[in-house]
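Below you'll find the structure, written out as C-alpha cells, and then a few comments.
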Ligand code: HEC
Ligand code: HEC
Ligand code: HEC
Ligand code: HEC
Ligand code: HEC
Ligand code: HEC
Ligand code: HEC
C-alpha cells in the first residue's frame, strides 16, 4: 500500500518538471521563433535606420553571403572575410549607433561588386564632424588631434594611419569617461592597442617593420600579466597631458616609462593618467595617499598610509631610545 502511494508521488513529482519544460518549450518557440526579428526590434529603439542598414548587414552582418546569377538562377555561398564582418550588437552599442551606413559610406556601396572608385573615397575625419563644436567641447577634439599628429603612429605613416585605426568606426564607444568597471575599461583600452600589436596581419598593413613581440619587449616588468590587467598601455607610452582625459601622444619606445617609482611612489603617475577622473575627489582619504587607487588596486609605494607611517616612525624612535638607555645603563654599571 505504502509503496504504491510512494510511487504515485514520484510520478507526480517527475511529471511536474516535464510538463513545465514542455510548456516552456512551446512558449519559447513562439517568442523566439525568429531571433533576428526580435533583435531588430531592440535595435530599432536606438536607430531609425535599422531596416536601411539591413541592405548592408545582409552580407556584412554574417560570416557568409550569397552570390546569385539572375539569368541562370544559380546561387552560391561564399565566406565573408573576418575583417569585413560587423556584428549588429556591437554596431548598435557604439557611439555612432544612430548613423546609417550610408551616412559615412556612399550609397554606391549598394552596388555589388562594389566599384573601385567608391573604395578609394576619402573617409570623413573625426574633426570634420566634431571639431570646434560646443556640444563636444568637453572632449577637446582639437587638442587630441594636435597630440595625435605628433605621435609615433602618425609620423611613421601619415598617409594611412588615422584616428579610425584605433577607433573602429563600427564598434568604438567611450569607456573611461563614464566607467563603472575599471578592469573592463583597462581591458577595452588595451585591446585597442593589441588589435595591431598582437595581430601581425593588421600591424604589417601599416609598416614594413618585422613583428614586435610585446611579451618579450616587456620582460623587464615583473608579473607582466598582473600589470597589464591593472594599467593601460597608454600609461607608459603617452606623454602626460594636463588638458585632455585620454593622452594621445604615443612616444617612441625609448621615451616609455621604465622606472618602477613612476607608479610605485607617492607621486604616482597613475593619479594623472588612469585615475585622472576620480583623482579630483579627496586625495588623502583615511590617511592613505592616492586613496582612489585603492578601490581597484593596491599599488606598492603609492598607497602608503600617513598614520601607519607615523606609527612606524614612533616605534622606530622608541626602539632607538630603548637601545640608548640600555647602552647608558651598561656604561653606568661599568
Ligand atoms: C552581396 C553582399 C554585400 C552587400 C549587400 C554589401 N557588401 Fe560590402 N562587401 C561585400 C564583400 C564580399 C566585400 C569584400 C570583398 C570586396 O572587397 O569586394 C565587401 C567590402 C566592403 C567594403 C570594403 C571595401 C574596401 O575595398 O575596402 C566596404 C566599405 C563595404 N563593403 C561597405 C558596404 C556597405 C556600406 C554596404 C551597404 C550599402 C555594403 N557594403 C553592402 C559584400 C557586400
Ligand atoms: C561613423 C562613420 C561610419 C559608419 C556609420 C559606418 N562606417 Fe563603415 N567604415 C567607416 C570608415 C572610416 C572605414 C575605414 C576604416 C579604416 O580606414 O580603418 C569603414 C570601413 C568599412 C568596411 C571595411 C572593413 C573595415 O572595417 O575596415 C566595411 C565592410 C564597412 N565599413 C561597412 C559598414 C557598414 C555595413 C555600416 C553600417 C552598418 C558602416 N560601415 C557604417 C566609417 C563608417
Ligand atoms: C560624420 C560625422 C562624424 C564623424 C566622422 C565622427 N563622428 Fe563622432 N559623433 C557624431 C555624431 C552626430 C554623434 C552623436 C551621436 C548621437 O547623439 O547619437 C557622435 C558621437 C560621438 C561620441 C559620443 C559623444 C557623447 O557625448 O555621447 C564620441 C566619443 C565620438 N563621436 C567620437 C568620434 C571619434 C573618435 C571619431 C573619429 C574616429 C568620430 N567621432 C567621427 C558624428 C561624427
Ligand atoms: C593609438 C590609438 C589611438 C589613436 C590613433 C587615436 N585614439 Fe582616441 N583614444 C584611444 C584610446 C585607447 C582611448 C580611450 C577610450 C576610452 O576608454 O574611452 C581614446 C579616447 C578618445 C576619445 C574619448 C576621450 C574622452 O575624453 O572620453 C576621443 C574623443 C578620441 N579618442 C578622439 C581621437 C581622435 C580625434 C583621434 C585622431 C586625431 C584619435 N582619438 C586617435 C586611442 C587612440
Ligand atoms: C592600427 C594598428 C595599430 C594600433 C591600433 C596601435 N599601433 Fe602602435 N604601432 C603600429 C605600427 C604599424 C607601428 C610601427 C610604426 C613604424 O615604426 O613603422 C607601431 C609602433 C608603436 C610603438 C613603437 C614605437 C617605436 O619607437 O618603435 C609603440 C610604443 C606603440 N606603437 C604603442 C601603441 C599603443 C600604446 C597603442 C594603443 C594606444 C598602439 N600602439 C596602437 C600599429 C598600431
Ligand atoms: C609599465 C610600463 C609599460 C606598459 C604598461 C606597457 N609598456 Fe610597452 N614598453 C615599455 C617600455 C619601457 C618599452 C621599451 C622596452 C625596451 O626598449 O627595452 C616598451 C616597448 C614597447 C614597444 C616597442 C617595441 C619595439 O621594439 O619597437 C611596443 C610596440 C609596446 N611597448 C607596446 C605596448 C603595448 C601594446 C602595451 C599594452 C598591452 C604596452 N606596451 C604596455 C613600457 C610599458
Ligand atoms: C604604469 C605603472 C606601473 C609601473 C611603471 C610599474 N608598476 Fe608595478 N604595479 C602597478 C600596479 C597598478 C600594480 C597593482 C596590481 C594589483 O592590484 O595587485 C602593480 C603591482 C606590482 C607588484 C605586486 C605584484 C604582485 O604579485 O602582487 C610588484 C611586485 C610590482 N608591481 C613591481 C614593479 C616593478 C619592479 C616595476 C619596475 C620594473 C613596476 N612594478 C613598474 C603599476 C606599475
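Select from segment 161-181 the residues that are over 17 Å from residue 89 (Cβ atoms), within 15 Å of ligand 1 (Cβ to nearest atom) and either surrounded by fewer than 16 Cβ atoms within 10 Å (Cβ to Cβ) or free of Cβ contacts under 8 Å to residues at least 12 places away in the same chain (or both) and list them in ascending order.
Residue satisfying the conditions is 164 alone.
Taking residue 57 as the residue in question, decide whether it is within 17 Å of residue 114 (Cα to Cα) and in contact with a helix residue (DSSP H, G or I) (Cβ under 7 Å, 6 or more places away or on another chain).
In short, yes.
Just to verify a result, which residue in segment 121-145, among those that are in contact (Cβ under 8 Å) with a residue 40 or more places away in the chain and part of a loop (DSSP other than H, G, I, E, B), is nearest to ligand 7 (Cβ to nearest atom)?
So the residue we want is 140.
Suppose the filter is in a helix (DSSP H, G or I), modelled with pLDDT of 95 or more and more than 16 Å from ligand 5 (Cβ to nearest atom); does residue 118 pass it?
no
Residue under question is residue 109, and the condition is that it be in a helix (DSSP H, G or I), surrounded by 15 or more Cβ atoms within 10 Å (Cβ to Cβ) and outside the structural domain of residue 232 (by TED's automatic domain parsing); does it hold?
Here the answer is yes, as residue 109 does meet what is asked.
May I ask you to list the residues in segment 235-262 that are out of contact with any helix residue (DSSP H, G or I) (no Cβ under 7 Å at 6 or more places or on another chain) and crowded, with 19+ Cβ neighbours inside 10 Å?
236, 237, 238
Taking the residues in segment 146-160 that are in a loop (DSSP other than H, G, I, E, B), away from ligand 2 (no atom under 11 Å from the Cβ) and without any contact (Cβ under 8 Å) to a residue 60 or more places away in the chain as candidates, determine which candidate is farthest from residue 246 (Cα to Cα). Spell out how you get there, then give the answer.
Quick first cut of segment 146-160, residues in a loop (DSSP other than H, G, I, E, B) only: 151, 157-160.
In the following step, the residues that additionally are away from ligand 2 (no atom under 11 Å from the Cβ) were identified as 151, 157-159.
Those still in the list that are without any contact (Cβ under 8 Å) to a residue 60 or more places away in the chain too: 157-159.
Working: 157: 22, 158: 21, 159: 24 Å.
Top of the filtered list is 159.
Provide a single number: the residues in segment 192-226 that are assigned to a loop (DSSP other than H, G, I, E, B) and within 17 Å of residue 258 (Cα to Cα). Before you say what the answer is, go through the steps one by one.
Step one: list which residues in segment 192-226 are assigned to a loop (DSSP other than H, G, I, E, B), which gives 198-199, 205-213, 218-223.
Right, trim to within 17 Å of residue 258 (Cα to Cα) and you get 218-223.
The number of residues fulfilling the criteria is 6.
Before we move on, is residue 231 touching a strand residue (DSSP E or B) at 6+ places or on another chain (Cβ under 6 Å), at pLDDT 85 or above and assigned by TED's automatic domain parsing to the domain that holds residue 149? Walk me through it before giving the result.
Numbers: touching a strand residue (DSSP E or B) at 6+ places or on another chain (Cβ under 6 Å): no; at pLDDT 85 or above: yes; assigned by TED's automatic domain parsing to the domain that holds residue 149: yes.
Answer is no for this residue.
The values are calculated or read from the model by the stated rules, or taken from the named source; none is laboratory data. The structure presented is a predicted model; accordingly, all values stated were derived computationally and were not measured. Using ideal geometry, Cβ is built from the backbone for each residue, glycine included, and neighbour counts are taken over all protein chains shown.
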